[in-house]
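Data first, discussion second: the structure below is written as structure tokens.
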Amino acid sequence: MTPSGRTNQLLYQAELLLAMSSGEGDQAPVRRMALEEGALALSELWLESFLREITKHARLPTHAWRELLVPQGPAVAELGRLRDLMAQPESWLAWLTRRLEQLHAEEGAARRPTQNPGMIAVGGNHDLGKALSDCLAQAKCEIAALRETSQEW
């Protein structure tokens, strides 16, 4: 499989998980959380595969997003573009990396729905699946442009 093929495969698999129904019944919220966190974990694999793909010309020793996307990371044009994007709090990449940090934390990224309808949830309804779907759709727009500049090398 080519590097871009693997990147595409991981992105598609994340989208497949998000499209799956969690079903009905008592276990539906837990299944939904599992699907969301599974899709988020695949998104992390996708991000690292994408970073490997667009920086292959630089022969970097690592492709971990936490190392490559920090401000003092390697001086590669594609990474600079992603760092600029990540610095914008409302961007898809900033959102994704915040959720990836949550995924690795004790609480995880997925949340159970509020049990008491009279309670006000801080930050509104937490729909990780919908937000991740939107994030991946926005990421697809960036992929083509970054692939093009990396192929010029």
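A count restricted to region 13-36 and to residues that are of a type outside the set (S, T, Y) and open to solvent by less than 50 Å² (accessible area, probe 1.4 Å) stands at 9.
Can you pull out the residues in region 75-89 that are free of Cβ contacts under 8 Å to residues at least 24 places away in the same chain and either within 14 Å of L47 (Cα to Cα) or touching a His at 6+ places or on another chain (Cβ under 7 Å) (or both)? The answer is R83, M86. Kindly indicate whether any position in region 5-12 is open to solvent by 50 Å² or more (accessible area, probe 1.4 Å), in contact (Cβ under 8 Å) with a residue 40 or more places away in the chain, in a helix (DSSP H, G or I) and farther than 23 Å from Q102 by Cβ. Yes - at least one qualifying residue is present in region 5-12.
When region 90-113 is limited to residues that are free of Cβ contacts under 8 Å to residues at least 12 places away in the same chain and either of a type outside the set (S, T, N, Q) or in contact with a His (Cβ under 8 Å, 6 or more places away or on another chain) (or both), the one that is farthest from A34 (Cα to Cα) turns out to be E90.
L85: at pLDDT 85 or above, touching a Ser or Thr at 6+ places or on another chain (Cβ under 7 Å) and within 21 Å of L69 (Cβ to Cβ), yes or no?
The answer is yes for L85.
Assess whether L45 counts as being assigned to a helix (DSSP H, G or I), closer than 17 Å to R6 by Cβ and of a type in the set (A, V, I, L, M).
Answer is yes for this residue.
Collect the residues in region 63-79 that are touching a Pro at 6+ places or on another chain (Cβ under 9 Å) and either open to solvent by 10 Å² or more (accessible area, probe 1.4 Å) or on the phi > 0 side of the Ramachandran plot (or both), keeping them in residue-number order. Scanning region 63-79 gives a single hit, E67.
So, of the residues in region 80-93 that are in a loop (DSSP other than H, G, I, E, B) and of a type in the set (G, A, S), which turns out to be most open to solvent (accessible area, probe 1.4 Å)?
Checking each candidate, the answer is A87.
To keep it simple, each residue is scored yes or no on (1) of a type in the set (A, V, I, L, M, F, W, C); (2) more than 16 Å from A131 (Cα to Cα); (3) in contact (Cβ under 8 Å) with a residue 60 or more places away in the chain.
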{"position": "R31", "(1), (2), (3)": "no, yes, no"}
{"position": "E36", "(1), (2), (3)": "no, no, yes"}
{"position": "L40", "(1), (2), (3)": "yes, no, yes"}
{"position": "S43", "(1), (2), (3)": "no, no, yes"}
{"position": "L47", "(1), (2), (3)": "yes, yes, no"}
{"position": "T55", "(1), (2), (3)": "no, yes, yes"}
{"position": "W65", "(1), (2), (3)": "yes, yes, no"}
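Taking (1) of a type in the set (S, T, N, Q); (2) modelled with pLDDT of 95 or more; (3) more than 22 Å from L16 (Cβ to Cβ) in turn, S49 satisfies each apart from (3). For the condition open to solvent by less than 30 Å² (accessible area, probe 1.4 Å) and out of contact with any Cys (no Cβ under 7 Å at 6 or more places or on another chain), L40 qualifies.
The values are calculated or read from the model by the stated rules, or taken from the named source; none is laboratory data. Remember, it's a predicted structure, so these values are computed and weren't measured experimentally. Cβ coordinates were reconstructed from backbone atoms using ideal geometry, including for glycine residues, and neighbour counts include every protein chain displayed. Heads up: the accessible areas ignore ligands, DNA and RNA and are worked out on the full protein's heavy atoms, side chains in. Shrake-Rupley method; radii C 1.70, N 1.55, O 1.52, S 1.80 Å.
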